[in-house]
Amino acid sequence: MDFALSEEHRFVQQMVRDFAHKEVSPIIKECDRKQEMAPFVLPRMAELGILGICIPVRYGGQGMDYISLGLACEELEVIDTSLRVIMSVHMGLNSMALLQWGTEEQKQRFLVPQAQGKKYAGFGLTEPNAGSDVAGMQSTARREGDEYVINGEKMWISLATKMHHCLWVARTDPQAADPHDGLSAFIVEMDRPGITAGDIHGKLGVRAGSTGWIACQDVRIPVENRLGEEGEGFKIAMSCLDNGRYTVAAGATGLIRASLEASVKYAHERNAFGREIARFQLIQQKIAGMVQSYDAARLLYLRAGWMKNQGLRNTRETSLAKWYATDASFMAASEAVQVHGAYGYSDEYDVERYLRNSKGAIIYEGTSEIHQLMQAGYALNFRQDAPLRCELPAYDPEIWQE
Ligand SMILES: Cc1cc2nc3c(=O)[nH]c(=O)nc-3n(C[C@H](O)[C@H](O)[C@H](O)COP(=O)(O)OP(=O)(O)OC[C@H]3O[C@@H](n4cnc5c(N)ncnc54)[C@H](O)[C@@H]3O)c2cc1C
């Protein structure tokens with residue numbers, strides 16, 4: 001067992017940390033207040049190669065491993081959740097699905113420009129009336145000759161108004177005995193006629209990020225845009241979540257770290273009853289709790305990243321990492337606000353934003369309730385993972401760097 005990070009890992013960590021600290025940190029409060037994503041963020045992440053970090057060089061990426069992706073997500077969310085959300089959807093939920101399920105032609109058409117950061121990508125699963133219950137979705141894709149005609153609406157979609165390519169899941173077989181088997185996945189280019197999209201404002205958190213809705217009315221796409229086989233949509237969507245949840249887990253770990261660092265700093269600065277509040281054992285207890293959850297969350301996501309590198313199925317381990325880290329980050333952010341007293345309750349300090357941002361991750365990519373059901377299902381032998389037709393490829397430095 002080797003717990004050491006490689007030289008490459010440390011390079012990625014430092015590069016992403018520098019970007020987030022120097023370029024985003026100074027403007028993040030203002031973006032959060034205005035509920036706007038800073039226009040430079042996506043092009044700059046593209047320029048730095050972050051948007052293609054764990055995609056092989058021959059597909060336009062940086063050829064790094066999956067642990068590098070996790071480390072990058074941790075560093076991004078130390079500064080703001082909205083930065084990590086970009087990686088969750090563009091990389092975890094879309095580009096990695098193309099790497100796993102795409103034909104060579106689809107990789108050339110969609111993955112290469114995404115990994116190069118010339119096109120941004122997102123993931124359209126949730127609908128106004130179907131979230132956790134994916135098979136309850138109402139979007140349809142009707143085959144007509146060499147085309148599919150897509151109708152339906154997606155809701156709560158990150159980068160809805162920024163993305164060029166949406167991985168869209170829709171019902172192709174309304175008669176399927178099991179509704180899960182009637183779904184298929186498509187790559188929909190957002191400039192096709194019949195597509196409209198808009199932003200959602202008034203969110204509790206991730207206000208510096210973009211979340212919106214997308215509607216398709218008689219949108220025609222060629223059959224070549226279907227990802228995987230007809231009827232594989234549910235399996236593809238779940239495999240996307242194995243990767244998206246990994247980025248959420250790593251990011252939430254960064255949010256715990258940010259809460260810890262802010263609390264340690266403030267505990268040394270603030271005085272009460274003639275001493276710095278760091279001297280009070282009840283404050284120390286909160287800080288110790290953050291240290292504990294940071295280390296546990298980090299080990300859980302690194303294990304999932306290691307399993308991805310080895311090509312091992314990691315649905316259980318990734319779900320556990322995501323559930324643990326997101327619940328723990330909410331607790332850490334809440335305790336950080338408490339350490340800051342009334343100042344923590346205002347946006348003069350960052351901790352109130354951490355608290356607002358941490359709540360979303362307990363809801364998206366599987367609510368905590370869904371992850372509890374999954375973990376109980378594995379423990380009770382109600383749930384096993386059958387092999388997939390296409391698995392996420394194991395990391396091989398020679399092939400990735402070729
Ligand atoms: C900021 C943000 C960004 C998002 N980005 C995306 C995106 O890019 N793409 C995308 O497709 N979606 C996205 N989502 C949507 C997100 O994935 C869904 O909100 C999530 O899956 C939950 O679905 P829901 O909101 O419909 O809640 P529901 O499924 O309606 O759940 C409501 C409540 O019931 C509970 N519940 C449901 N079923 C069960 C059960 N079987 N047992 C016990 N409790 C249950 C849930 O845990 C929850 O507490 C985003 C959401 C947010 C907030």
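Observations on the model:
- Fully extending the segment from Gln13 to Gln108 would add 31.4 nm, taking 0.36 nm per residue of separation and subtracting the current Cα-Cα distance.
- When all protein chains stay in place and ligands, DNA and RNA are ignored, the 1.4 Å accessible-area order of Leu5, Leu71, largest first, is Leu5, Leu71.
- Considering only Asn129, Asn94, Asn243, the mean-square fluctuation computed in a Gaussian network model of the chain, springs between alpha carbons under 10 angstrom, is largest for Asn129.
- Per residue accessible area of the chain, 1.4 Å probe, in Å²: 43 Å²
- Mean Kyte hydropathy of 1.0 or more with a Cα span along the axis of at least 20 Å, helices from DSSP in the chain: 66-79
- In this calculation the C-beta distance from Ile200 to Tyr345 is compared with R0 = 22 Å, giving a FRET efficiency of 0.30.
- Gain upon complete extension [Ala135, Phe40; 0.36 nm per residue less C-alpha separation]: 30.5 nm
- Using a simple spin-label model with pseudo-atoms 7 Å out from Cα toward Cβ, Leu380 and Arg143 lie 3.8 nm apart.
- Inter-probe distance in nm under a simple model that places probes 7 Å from Cα toward Cβ, at Ala215 and His21: 4.6 nm
- In segment 227-320, chymotrypsin sites (Phe, Trp or Tyr not before Pro) in a DSSP loop with at most 11 other beta-carbon atoms within 10 Å: Phe273
- Spacing of the two label points (7 Å from each Cα toward its C-beta) at Arg275 and Glu369, in nm: 4.5 nm
- Of the solvent-accessible surface of segment 68-207, computed with a 1.4 Å probe over protein heavy atoms with every protein chain present, carbon and sulfur atoms account for 48 percent.
- Gap separating the Cα centres of segment 237-288 and segment 10-68, nearest whole Å: 22 Å
- Per-residue extension of 0.36 nm, minus the Cα-Cα distance of Glu391 and Asp181, leaves a gain of 73.7 nm for this segment.
- Taking every DSSP bridge with both residues inside the chain, close to 85 percent are antiparallel.
- Flagged links, alpha-carbon separation over 25 Å, of Lys286/Lys359; Lys162/Lys359; Lys118/Lys359; Lys265/Lys308: Lys118/Lys359; Lys265/Lys308
The values are calculated or read from the model by the stated rules, or taken from the named source; none is laboratory data. Because the structure is predicted, anything quoted here is derived from the model rather than measured. In this analysis, Cβ positions are derived from the backbone assuming ideal geometry, glycine residues included, and neighbour counts consider all displayed protein chains. With ligands, DNA and RNA removed, areas are computed over all heavy atoms of the protein, side chains included. Shrake-Rupley method; radii C 1.70, N 1.55, O 1.52, S 1.80 Å.
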